[in-house]
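The values are calculated or read from the model by the stated rules, or taken from the named source; none is laboratory data. Predicted model only: the values in this text are computed from it and were never measured. Using ideal geometry, Cβ is built from the backbone for each residue, glycine included, and neighbour counts are taken over all protein chains shown. Keep in mind that these areas ignore ligands, DNA and RNA; they rest on the heavy atoms of the full protein, side chains included. Shrake-Rupley method; radii C 1.70, N 1.55, O 1.52, S 1.80 Å.
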Amino acid sequence: MALRFEVLGRFNRARAAQLTLPHFVCQTPLFMPVGTQGTIKGLTNDQLEEIGCQIILGNTYHLALRPTSELIDELGGLHKFMNWPRALLTDSGGFQMVSLLHLADITEKGVTFQSPVDGKPMLLTPEESIQIQNRIGADIIMALDDVVRTTITGPRIEEATYRTLRWIDRCIAAHRRPNEQNLFGIVQGGLDPVLRDICVRGLVERNLPGYAIGGLSGGEDKDSFWRVVAQCTAALPEDKPRYVMGVGYPLDIVVCSALGADMYDCVYPTRTARFGTALVPEGVLKLKHQAMANDTRPIDPSCNCMVCKKYSRAYIHCLVTKDAMGSQLLSYHNLFFMMKLSSDLHASIVRGRFPEFVCKFLQKMFPEGDVPEWVCNAMEVAGIDISSCCSPFSSLPDYSNSEVPTDF
């Protein structure tokens, strides 16, 4: 095991911890931006350090295609190749195989998919996924799991759950660098509490360095989403990091942190930036709207990032439709926002002020008190009293996995 996880503070289920990895000492809760091929689009590594990024996520599938894991290994590993001194996490490659490519087929051997280069069938096995990630050299590597969206029901979910447990043993056996890289298992089981429990217990028996909750953010309703997170975090070990995969909406991160999760990743902050949208405490701000054309205010007057200090909404509005600089500035701001959210979560838990932080966060996002019912239910289970920022509701809308509909 090549990590140390020390809980520094708690509030009920929420916890703030220090996660010591081979390349960096991280503070949780933390958000990891996605650097598909060893880079965050539009930002330099110096800028990422400047805004407080602790871990970058790399996509094994894309890195294996180009520049290839063999070349990365030959040149000293991904840290040296991309000149990133802090921590890295690589996914298994399985999700991209299934989601980006047609004609993908999952069997007991592995994932068979159509090569994007010549169209020929290729096979990614648990062993090969680990071998590729061993060559890439990230601090945290992910087991190959049988990925099934939560919107799918029936026997396929059960098949994926048990296959994920069989594959974790193959991943463990193939892992050649356990003293340098930490292999995390991924909890599957769809929306079925029994299958989730079976998968959690099976993975915990393997005594892995950390655990991820997979298969979410795939279109399920929010009530189902938080209940799966709550169930899994309650059953996973107290002394190991818990990573909810594919979660990037600020509201989701606050809720999951209240339920005891530690780590998150998503393309959302940078992808939404490329569409001209900024993250702000009130929700989102769409810079492409004509109302921004003569607005001299910064994106967020309360934000201390370089973009908010130097540029107006009007200037960025002028850029977002015509110049790459617009998406670069918004990506910088959005990732600064996510890093600040992470550090604020950590500090509020350590200082024993987490409920106050949550209420302040919700009051800004929902000034009319129309906090979604799923959030209220999740916070009740988390033991966080948010009655001061909630108005009585009968049937509030469920925005599922869409953006928070704040536009001003």
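A few points about this structure:
- Here THR233 meets each of (1) touching a residue at least 60 places away in the same chain (Cβ under 8 Å); (2) in a helix (DSSP H, G or I); (3) out of contact with any Gly (no Cβ under 6 Å at 6 or more places or on another chain) with one exception, condition (3).
- Matching residues, region 250-273, being buried (at least 24 other Cβ atoms within 10 Å of the Cβ) and basic (Lys, Arg): none
- Matching residues, region 274-288, being free of Cβ contacts under 8 Å to residues at least 60 places away in the same chain and open to solvent by 30 Å² or more (accessible area, probe 1.4 Å): PHE275, LYS288
- Meets criteria (farther than 18 Å from MET32 by Cα, surrounded by 15 or more Cβ atoms within 10 Å (Cβ to Cβ) and touching a His at 6+ places or on another chain (Cβ under 9 Å)) for MET379: no
- Failed item in (1) touching a residue at least 12 places away in the same chain (Cβ under 8 Å); (2) within 15 Å of LEU183 (Cα to Cα); (3) open to solvent by 40 Å² or more (accessible area, probe 1.4 Å), with TYR243 passing the rest: (3)
- Checking each residue in region 338-373 for being assigned to a helix (DSSP H, G or I), surrounded by fewer than 23 Cβ atoms within 10 Å (Cβ to Cβ) and in contact with a Leu (Cβ under 6 Å, 6 or more places away or on another chain) picks out VAL350, GLU373.
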